[in-house]
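Got a structure for you, written out below as structure tokens; questions coming shortly.
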Amino acid sequence: MNTQVEQPRRGPSLTLLHSIPIFAGVPDAQLEQIAKVAFHRRVARQTTIVRAGDSTDSLYVLISGGAKVLNSDEEGREVILTLLGPGEFFGEMGLIDGSPRSADVMATETCELLVITKNDFKRCLAENFDLCLNIMKSLVQRLREADRNIESLALMDVYGRVAKLLIDFSEDERGERVIRRRLTKQDIAKMIGASREMVSRVMKDLENQGYFRVEEGRIVILEKRVPSPAAAAAAAKP
Ligand code: CMP
């Protein structure tokens, strides 16, 4: 399904731009320029906003909703590279190096987006060092995450990978580490390179071993360390 719900073009408010991390530190005069060229777009769940291989035309900032960045092969097998939430942006890679889109970005729920066209984005970058720095910081952060993912794929078993992913996705909530975002077993499987069945089994074992508990639709992490292969083997015993 690829239903897109377009809304009339209108610029974002300065208050909204102030709340978006890539615009942190950007002076108001510059934000006013961005407000003039950025426009809102709303897309329905499961809309492919950006398609791998397409030529690049715009940068997108997620105002609300969620999206997944994924790649797939000819047989339809998918790997999820990351999940994006409010305040995060995508589509910058093609704009920076001129290459086609590197991945699909699909809405996992209804999304409010802010769109800035390629030429406007490049002009904003040329005129604002803080914006360049914020983009560079995000790219570095993504590279660090990708390095950590490569490391866990190469060195950890599925128990370790599932536990690490749950810890990485958890956020501090009054002293507890809690996963609030909707995370399906299928999504976890596609992020760690395992089958959904395997992820279900491993999560059940980890829950039984007291690594986390599920309450009111959210996951509370109880053990913040990734299980060693020996602990994973013990958890796997019937
Ligand atoms: P672009 O290549 O233009 O289109 C696909 C977008 O997905 C890409 O820009 C990035 O914004 C985003 N993307 C690709 N790989 C990752 C990743 N590993 N982590 C976060 N975002 C990514």
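No value in this document is a laboratory result; all are computed from the given coordinates. As the structure is a prediction and not an experimental result, all values here were calculated from the model. Please note: Cβ atoms are built from the backbone with ideal geometry, for glycine as well, and neighbour counts cover all protein chains shown.
If you look for lysine pairs in the chain that are eight or more places apart or on different chains, how many of them have Cα atoms under 21 Å apart?
Lysine pairs, 8 or more places apart or on different chains, close enough: 18.
What is the set of long-range amide H partners of residue 81 at a cut-off below 5 Å, with H atoms built 1.01 Å from backbone N?
The list, which skips near neighbours in sequence, is 69, 70, 71.
On to the next question. Taking a quarter of the surface of the convex hull around the Cα atoms of segment 75-126, what do you get in nm²?
Averaged projected hull area, Cα only: 4.9 nm².
Are there DSSP H segments in the chain that both extend 30 Å or more along their axis (alpha-carbon positions) and score a mean Kyte-Doolittle hydropathy of at least 1.6? List them, or say none.
For the chain, where a helix must reach 30 Å along its axis and average at least 1.6, there are no hits.
So, R0 is 45 Å and r is the distance between the beta-carbons of residue 36 and residue 171; what FRET efficiency does that work out to, to 0.05?
0.85
At q = 0.08, 0.09 Å⁻¹, what is the log10 ratio I(q)/I(0) for the chain, with the Debye formula run over Cα points and no solvent?
-0.35, -0.44
Evaluate 2.2 N^0.38 Å with N set to the residue count of segment 24-91, then give the Cα radius of gyration divided by it.
That ratio works out to 1.35.
Could you work out Rg/(2.2 N^0.38 Å) for segment 125-216, with Rg from alpha carbons only?
Here the answer is 1.34, to two decimals.
Starting from the 7 Å offset along Cα-to-Cβ, what nm value, one decimal, do you get for the label separation of residue 127 and residue 198?
Result: 5.1 nm between the two label points.
Now for a different question. When Lys and Arg each count +1 and Asp and Glu each count -1, what net charge do the other residues less than 13 Å away from residue 154, Cβ to Cβ, add up to?
Counting the neighbours of residue 154, the net charge comes to 0.
Moving to a separate point now. Efficiency by 1/(1 + (r/R0)^6): what FRET value for residue 186 and residue 218, r their Cβ-Cβ distance, R0 = 22 Å, to the nearest 0.05?
0.75
Please return the longest stretch of the chain lacking exposed loop sites, where trypsin sites (Lys or Arg not before Pro) count only if DSSP places them in a loop and at most 16 other Cβ atoms lie within 10 Å.
78-173
Enumerate the calculated ³J(HN,Hα) couplings along segment 76-86 in order (Karplus 6.51 cos²θ - 1.76 cosθ + 1.60, θ = phi - 60°), each rounded to whole Hz, writing x wherever the residue is Gly or Pro.
These are the phi-based 3J(HN,Hα) values: x, 6, 10, 10, 8, 7, 6, 10, 10, x, x Hz.
Which GluC sites (Glu not before Pro) from segment 43-84 combine a DSSP loop assignment with at most 12 other Cβ atoms within 10 Å?
When the GluC sites (Glu not before Pro) of segment 43-84 are filtered for loop state and at most 12 Cβ neighbours within 10 Å, 74, 75 remain.
Counting just the Cα atoms, what span does segment 1-131 cover along each of its three principal axes? Round to the nearest Å and put the largest first.
49, 29, 22
Hey, another quick one. Starting from the Cα of residue 29, step 7 Å toward the Cβ, then list every residue of segment 103-126 with an amide N under 17 Å from that point.
Flagged as within label range: 124-126.
Extending each Cα 7 Å along its Cβ direction at residue 141 and residue 44, get the distance between those two points in nm, one decimal.
Here the modelled spin labels are 3.2 nm apart.
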